[in-house]
1. Check off (1) in a helix (DSSP H, G or I); (2) in contact with a helix residue (DSSP H, G or I) (Cβ under 7 Å, 6 or more places away or on another chain) for VAL3 and give me the number that stays unchecked.
2. Tell me whether segment 120-128 contains one or more residues that are out of contact with any Cys (no Cβ under 7 Å at 6 or more places or on another chain) and aliphatic (A, V, I, L, M).
3. Any idea which residue in segment 325-344 is modelled with the lowest pLDDT, counting only those that are more than 19 Å from the chain's Cα centre (by Cα) and either closer than 21 Å to ASN222 by Cβ or not in a loop (DSSP other than H, G, I, E, B) (or both)?
4. So if I check each of LEU58, LEU15, LEU84, which one is within 21 Å of TYR167 (Cβ to Cβ), among the hydrophobic types (A, V, I, L, M, F, W, C), surrounded by fewer than 19 Cβ atoms within 10 Å (Cβ to Cβ) and in contact (Cβ under 8 Å) with a residue 12 or more places away in the chain?
5. Going by the conditions given, is GLY110 in the same structural domain as ASN70 (by TED's automatic domain parsing), under 17 Å from the mean Cα position of the chain (by Cα) and part of a loop (DSSP other than H, G, I, E, B)?
6. Taking segment 223-252, which residues are among the β-branched types (Val, Ile, Thr), buried (at least 17 other Cβ atoms within 10 Å of the Cβ) and under 23 Å from ALA198 (Cα atoms)?
7. Residue by residue through segment 33-47, note down the ones that are small (Gly, Ala, Ser) and surrounded by 13 or more Cβ atoms within 10 Å (Cβ to Cβ).
8. I'm checking my understanding of the structure. Among residues of segment 284-333 that are among the hydroxyl-bearing types (Ser, Thr, Tyr) and in contact (Cβ under 8 Å) with a residue 24 or more places away in the chain, which one is nearest to PHE178 (Cα to Cα)?
Amino acid sequence: MVVNWNRAEMLRDSLHSLNSQIDEEGRRLPLAIIVVDNGSTDGSQALVRMEFPDVLLLENLTNLGFCAANNQGIRAATGELIALLNNDAAADPHWIHHLRAAFEVAPDIGMAASKIVSWDDPGRIDKTGHLIFPDGQNRGRGTGERDIGQFEKQEEVLWPDGCAAMYRKSMLDQIGDFDEDLFAYGDDADLGLRARIAGWRCLYMPPAVVRHRRGSTMGTGNPDRVRLIERNRILLAAKLFPWSLLVLNPFFFAIRMLAGAAATISNEGDLAAFPGAGGKLRLAWALLRGQWQALLMLPRTLAKRAAINRTAVLTPSQLRKLILSNRLSLPALFGIVRGTMVAP
């Protein structure tokens with residue numbers, strides 16, 4: 001399934017890669033491909049109808065966001081496994097085959113994570129599953145690192161990146177789909193952590209490789225992107241974190257801001273996308289707007305905790321341990337990887 005908004009040329013690459021999926025013996029895999037278009041004005045719908053007539057195209061009149069569009073596709077899907085692929089990504093021919101194998105390992109595997117690499121530099125890691133900072137901010141595991149074989153082990157990870165993931169449909173039926181209040185960004189974290197709380201696990205499959213054009217939807221230096229990321233990390237923590245960790249959220253946020261201030265001085269990592277004093281002011285304003293919007297949404301978000309508790313298998317102490325054992329380091333959080341500047 002692919003969600004699209006005004007990325008016709010990228011969408012073509014994505015769909016060609018899905019049409020080229022094969023099994024280990026080289027036979028073409030019969031896939032039911034769904035495209036949910038969020039009111040594109042660049043001819044994306046016509047491209048799908050003309051060049052990919054076998055694809056089920058769901059057309060929205062306006063941009064409903066990544067979460068709502070994915071939920072439309074999930075409801076339209078009939079298979080036992082649902083794969084998501086970003087419109088700015090292209091999968092290797094054996095991608096589906098390798099992800100599907102994850103669900104044969106154990107019945108409690110509800111999610112499979114891909115090895116996502118940079119489109120322009122496939123030797124550089126984009127994401128291999130996710131990690132999280134204790135204030136709710138999350139980031140891909142290994143983001144920005146050179147691929148030197150350090151992520152070739154099939155292993156359990158916290159959750160998959162929604163850019164290229166596979167989910168068990170029965171898991172989604174149990175825990176619910178994407179939270180549409182989030183609109184976009186952090187949605188895969190919310191879904192993945194809800195699944196972990198309900199006792200489902202995620203397996204990382206290193207042969208399932210996808211190339212990704214990083215930050216192509218809104219741009220890495222877009223203040224609205226920062227606003228959504230900051231808003232949604234607060235909402236995620238308020239909705240899912242155990243209270244013992246949630247009460248410490250301001251403390252961990254302060255640590256992150258101090259580290260960010262240090263990175264600002266040297267203009268390192270993600271903060272390089274906001275150059276100069278003006279850029280840093282726009283960044284600060286975006287953070288404040290995100291926090292204010294999260295505050296307004298807190299009553300509705302906190303009310304969702306009861307529904308989470310009804311499907312919970314992990315105890316609060318187990319959840320705390322899970323989060324802290326998959327903790328992001330501060331340099332990785334800001335995209336500082338061996339002196340390399342990496343966009344979020």
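1. It is condition (1) that VAL3 fails.
2. Checked segment 120-128: at least one residue is out of contact with any Cys (no Cβ under 7 Å at 6 or more places or on another chain) and aliphatic (A, V, I, L, M).
3. Restricting attention to segment 325-344, the residues satisfying the condition of being more than 19 Å from the chain's Cα centre (by Cα) are 325, 330-331, 336-341.
Cutting the leftovers down to either closer than 21 Å to ASN222 by Cβ or not in a loop (DSSP other than H, G, I, E, B) (or both) gives us 325, 330-331, 336-337, 340-341.
Numbers: SER325: 96, LEU330: 78, PRO331: 73, ILE336: 53, VAL337: 48, THR340: 41, MET341: 38.
Top of the filtered list is MET341.
4. Criteria check complete, one pass: LEU58.
5. When the stated conditions are applied, GLY110 does not pass them.
6. Taking segment 223-252 first, the residues among the β-branched types (Val, Ile, Thr) are 226, 229, 234, 247.
Checking the rest, the ones that are also buried (at least 17 other Cβ atoms within 10 Å of the Cβ) come to 226, 229, 234.
Residue satisfying the conditions is ILE234 alone.
7. So in segment 33-47, the residues small (Gly, Ala, Ser) come out as 39-40, 43-44, 46.
Within segment 33-47, GLY39, SER40, SER44 qualify.
8. Here the residue is THR301.
The values are calculated or read from the model by the stated rules, or taken from the named source; none is laboratory data. Here the structure is a predicted model, which is why all the values come from computation and not from measurement. Cβ atoms come from the backbone with ideal geometry, glycine included; neighbour counts cover every protein chain shown.
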